[in-house]
Structure formats: C-alpha cells, structure tokens
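Trainee: One structure coming up, written as structure tokens, with questions to follow.
The values are calculated or read from the model by the stated rules, or taken from the named source; none is laboratory data. Values in this document were obtained by computation on a predicted structure and should not be read as measured data. Here the Cβ positions follow ideal geometry from the backbone for every residue, glycine too, while neighbour counts run over all protein chains shown. When the accessible area is computed, the model is the full protein with side chains, heavy atoms only, and any ligands, DNA or RNA have been set aside. Shrake-Rupley method; radii C 1.70, N 1.55, O 1.52, S 1.80 Å.
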Amino acid sequence: MPILEKLTQQSQARHWTDSIPLEFHYTAGVAGEEFRRELRDNGRFLVSKCSKCKSTYIPARMYCPSCFIEMKDQFPIDKPGYVYSFTSVNRDRAGADTELPITVGLVKFEGVKGGIVHLLERGDSDRLSIGMKVSPSLKNPSERRGAITDILAFKPISTESSSKTVEVGRAERWEVGAGENQARSLLHSIEESGYPVEEDEMTISSLRSKISKGELLTREEDRLLHRLGDKAREWRKAVKSSSETEPADTLSG
C-alpha cells in the first residue's frame, strides 16, 4: 500500500521490525574547542568575558547568555578554584559498585560564572568542605587529548598555618551569642532574595559552611555578611518596584 494511501480498514494496518544504522558526531563548538585546546597545550582553563556586562564565564563560550552578544575576549586563568558543592557515590557511571567511594564536586572560580563538575581527590575525603580551595591535577602533557578527562581530579590546596596565625585568628573571633540566629537569618534572606551573588560566591559558601557548623564568625566576616544583606535588600526592593510598574508607565521599544 502506498505511504500516502489512507487506510479504510483496521485489518490493513501492518508493522515490521528492522533497524536503521545511524552515525553521529558531537562537537564542542568553536569556543569549546578553544577551551579544550588551551587545556591540552598549556594545562589552563580558558574563560570568556562579555564586553557589555563584564561577566566572565567558564568554560569559554561564544555568546553572553545575558546580553546575547558575541564574546571575543578570551583569556586563561591560573587562580585556584573552590568547592561549591560535592557528593560521594559508591557506583560508577555504569551502575556497578566501586571499591572506594567516588567524590564528585562542582568547582567554581571567584568572580567567574559557571564551573566545572569533576572528580575531587578522595585521598582524605573527610577534609573536604564547601569553600575549600582546590587546584586541578592534570595528565602529563604528552598524554593530553584536549578532553575533560585530561583533568585527573581536583585536589585540595594545603592551607596549613602556624600556631601564631591560629592564635591571632582566635583573638579576632568574638562571641555572637544570640547574634548566631541573626547570621542565619541574614544568610537565609540573601539566598531567598534572588540577589546575583556570582562575585561573592566564595564568600557566601564559606559563611554558609561556618554558620551551618555553628562556628563563630570573625568581626570581618560579620561585616561582610551584613554588607551582602544590605545589597540583597536593595535588590529585593528594585525587583518589587519593577514588578509593580504599570506597562503604561514605561516607554515602548
């Protein structure tokens, strides 16, 4: 029966079983290929910067998702990243049990939007914490192929300090007492406001970790938290004012 002929009886319907061979090839795109090339050749991460909103993105991309303009300014970064979130699993990608837990985390970089999801070195997984600084452990240059697997894992950067530094840090701490609840309330208010914290993500992550553990904040950290709280309140007011503006009060175009 021709394909365009209409069936008039249900008994005319037929089916068959067969297969159609398909081939496909995924590319990383122009900016993605440049990111992979920089990783392969120089062991560095390539980022893109928007000339309009001045936002920086990792991995490198061609267009700014906020301004919708092409980003031609690209450059590598060498600064360490920090753990934004992480989890441990006992199965691999195929669902098979692993001998040791696999720790995967989202690594972000201060002042940069986006991030890289990758393995975290699990030699001392008990030490992992939100906000911890990490650096990539790469394959030897001769073994790199321009793939994300050129990164073996992200490993914690040693943050050992002398006893003198520790004592100074303790001296700077002050009793917050009832202020602990205020710190939690401020942090919750910042997170609920929708305020874009990209530039302060590392600070927020560090404060969130300390507050959740019930640790005392230093005076400087308390000032930072209040500064971000003020920004969040102004952001909430601006959003509310914008939502309440009548269409007739705005200019067309």
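Trainee: Please report, as a whole percent, how much of the solvent-accessible surface of the range 16-96 comes from carbon and sulfur atoms (probe radius 1.4 Å). Kindly include the intermediate steps, with their values, before the conclusion.
Mentor: Working: 3020 of 5870 Å².
The computed percentage sits at 51.
Trainee: Measuring with a 1.4 Å probe in the full set of protein chains, what accessible area per residue, in whole Å², belongs to the range 1-124? Display every interim value, and only then the final one.
Mentor: Details: 9110 Å² over 124 residues.
On a per-residue basis, the range 1-124 sits at 73 Å².
Trainee: If you don't mind, another one. Just going by the charge dipole of the range 68-119, with Lys and Arg at +1 and Asp and Glu at -1 on Cβ, which of L106, V83, M71 is farthest out on the positive end?
Mentor: Of the listed residues, the answer is M71.
Trainee: Set the bar at 31 Å for Cα to Cα. Now go through K54/K237; K108/K237; K79/K231; K52/K240; K52/K139 and name every pair that lies beyond it.
Mentor: Numbers: K54/K237 24 Å; K108/K237 29 Å; K79/K231 27 Å; K52/K240 25 Å; K52/K139 36 Å.
Table pairs above 31 Å Cα-Cα are K52/K139.
Trainee: Report the extension gain between C53 and R37 in nm, rounded to one decimal, defined as 0.36 nm multiplied by the number of residues separating them, less their alpha carbon distance. Present the calculation step by step, with values, prior to reporting the outcome.
Mentor: Values: separation 16, 0.36 × 16 = 5.76 nm, distance 2.63 nm.
Taking C53 through R37 to full extension adds about 3.1 nm, to one decimal.
Trainee: How large are Rg and Dmax for the range 10-59 when only the alpha carbon atoms are used, in Å?
Mentor: Both quantities, over Cα of the range 10-59: 22.6, 66 Å.
Trainee: What FRET efficiency would be calculated for the residue pair V89, K213, taking the C-beta separation as r and a Förster radius of 22 Å, to the nearest 0.05? Please list the in-between numbers first.
Mentor: Working: r = 24 Å, r/R0 = 1.07.
Once rounded, the FRET efficiency stands at 0.40.
Trainee: Now, a different point. Taking the Cα centre as origin and putting +1 on Lys and Arg beta-carbons and -1 on Asp and Glu beta-carbons, what dipole magnitude results for the range 1-68, to the nearest 20 debye? Numbers along the way, then the final one.
Mentor: On the way: 10 positive and 7 negative charges, 101 e Å.
The dipole of the range 1-68 has a size of about 480 debye.
Trainee: Quick check: from the Cα gyration tensor, does the range 14-137 come out rounded (a/c under 1.5), prolate or oblate? Don't skip to the end; give the middle numbers.
Mentor: Details: a/c = 2.23, a/b = 1.08, b/c = 2.06.
Oblate, because a/c is 1.5 or more while a/b does not exceed b/c.
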